[in-house]
Amino acid sequence: MVYKVLLRKLSEALLTLFCASLLIFTLIRLAPGDPVELLLGRTTEAAASHTEAYDERVSELRGQLGLDQSLLEQYMTWLKRLLHVDLGTSIHTGRQVSAEIAERLPATVVLSLSALLLQVVLGLFLGTVSALKAGGAADSFIRLVCVVMASTPAFVIGLGLLSFFAVTAGLYEISSEASPGKLWLPALTLGLLGAPPLIRMVRAHMLTELGQLYILSALSRGLDRKRVVQHALRNALLPVIAMVALSLTGLMGGAVVMESIFSWPGLGKYALDSILLKDYPVIQGYAVVMVSLVILIHLVVDVIYALLDPRIHRREEGRA
């Protein structure tokens, strides 16, 4: 029965990936702008004075890039390449998209995992403290900070921290290198931005667990309060895991602003530059990679759920 559950999960993942590819392709083509004209605009200065030659060059490039085909033909060509793990060639660099993504993916993964680690530490610690001190000054202060952080635009916090640490304090050097010395500030910024939802969730589930009969009974019997809190936190972790997974997928796909602010050479900055240039293969390849990572992360979360709570596994087998 286990293999049937796994097969169903994989089938759902493949269907999701197919639907996502269709949506990605359609939305990109609906966006205004022409990648060929943008490409020629960078190299052809006399386009206006040589209209006929310019139009011929545009038609020639469209044929070379396959943009003269119908949208259905373009999609089927791209889909066939995807089946062979071929993301195509960048219009502006002429390099394989998979190679360019592979160069930048480690920087984004390192940044995302570092920020996620900070989010988890802050979420578990401050969420637990807030629950244990519910109604007190510490709880009120933590909740106020969470509201302020959640209400402030990400670029404002990023630019504020960059201005303070790089300009005022001189503790951060702005560069486009993916070095450990340049990692801490963008990771700190992303961690602080993503921590408030996790803090609130941990607080809410901890309050629910602390109000359970088994916790009250354990405390009344004189069990060590620290051990009781640890048991309550363990039981409250199951829904938090889903939040952590969502945070990771959000970090992987949504670090565009922070990577641009801090000049971090990851996939986010790469995708933003490609969007401005209308580089279709790069945008499509980036989106597919991000969707695939999201699907993979959720599959891993399902496995972790089944390990932590066998009842979930039995329900899945019953549905299969």
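The values are calculated or read from the model by the stated rules, or taken from the named source; none is laboratory data. All of these numbers come straight from a predicted model, not from anything done at the bench. Please note: Cβ atoms are built from the backbone with ideal geometry, for glycine as well, and neighbour counts cover all protein chains shown.
Structural remarks
- Hits in region 264-296 (condition: surrounded by 19 or more Cβ atoms within 10 Å (Cβ to Cβ), charged (D, E, K, R) and assigned to a helix (DSSP H, G or I)): Lys269
- Residue pairs meeting the criteria (Cβ under 7 Å; at least 6 apart or on separate chains; first outside the structural domain of Leu61 (by TED's automatic domain parsing), in region 83-100; second at pLDDT below 85 and not in a strand (DSSP E or B)): Ile91/Pro35; Ile91/Leu39; Ile91/Leu65; His92/Leu39; His92/Leu277
- Scanning region 147-164 for residues that are at pLDDT 90 or above and polar (S, T, N, Q) returns a single hit, Ser163.
This table checks each residue for (1) crowded, with 17+ Cβ neighbours inside 10 Å; (2) under 23 Å from Ile261 (Cα atoms); (3) of a type in the set (Phe, Trp, Tyr).
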site: Leu124; (1), (2), (3): yes, no, no
site: Ala169; (1), (2), (3): no, yes, no
site: Glu173; (1), (2), (3): no, yes, no
site: Leu183; (1), (2), (3): yes, yes, no
site: Ala204; (1), (2), (3): no, no, no
site: Leu213; (1), (2), (3): no, no, no
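Residues checked against (1) surrounded by 18 or more Cβ atoms within 10 Å (Cβ to Cβ); (2) in a helix (DSSP H, G or I); (3) touching a Lys or Arg at 6+ places or on another chain (Cβ under 9 Å); (4) at pLDDT below 90:
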{"site": "Ala138", "(1), (2), (3), (4)": "no, yes, no, no"}
{"site": "Val145", "(1), (2), (3), (4)": "no, yes, no, no"}
{"site": "Ala166", "(1), (2), (3), (4)": "no, yes, no, yes"}
{"site": "Arg200", "(1), (2), (3), (4)": "yes, yes, yes, no"}
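- Hey, Leu248 in the same structural domain as Glu177 (by TED's automatic domain parsing) and under 22 Å from Thr108 (Cβ atoms) or not: yes
- Selected residue [under 20 Å from Val294 (Cβ atoms), without any contact (Cβ under 8 Å) to a residue 24 or more places away in the chain and surrounded by 14 or more Cβ atoms within 10 Å (Cβ to Cβ)] from Val228, Val256, Val240: Val256
- Region 276-292, residues that are at negative phi, modelled with pLDDT of 85 or more and not aromatic (Phe, Trp, Tyr): Asp279, Pro281, Val282, Ile283, Gln284, Gly285, Ala287, Val288, Val289, Met290, Val291, Ser292
- The helices (runs of 4 or more DSSP H) found entirely in region 211-262 that carry 2 or more residues being closer than 30 Å to Tyr172 by Cα are 225-254, 256-261.
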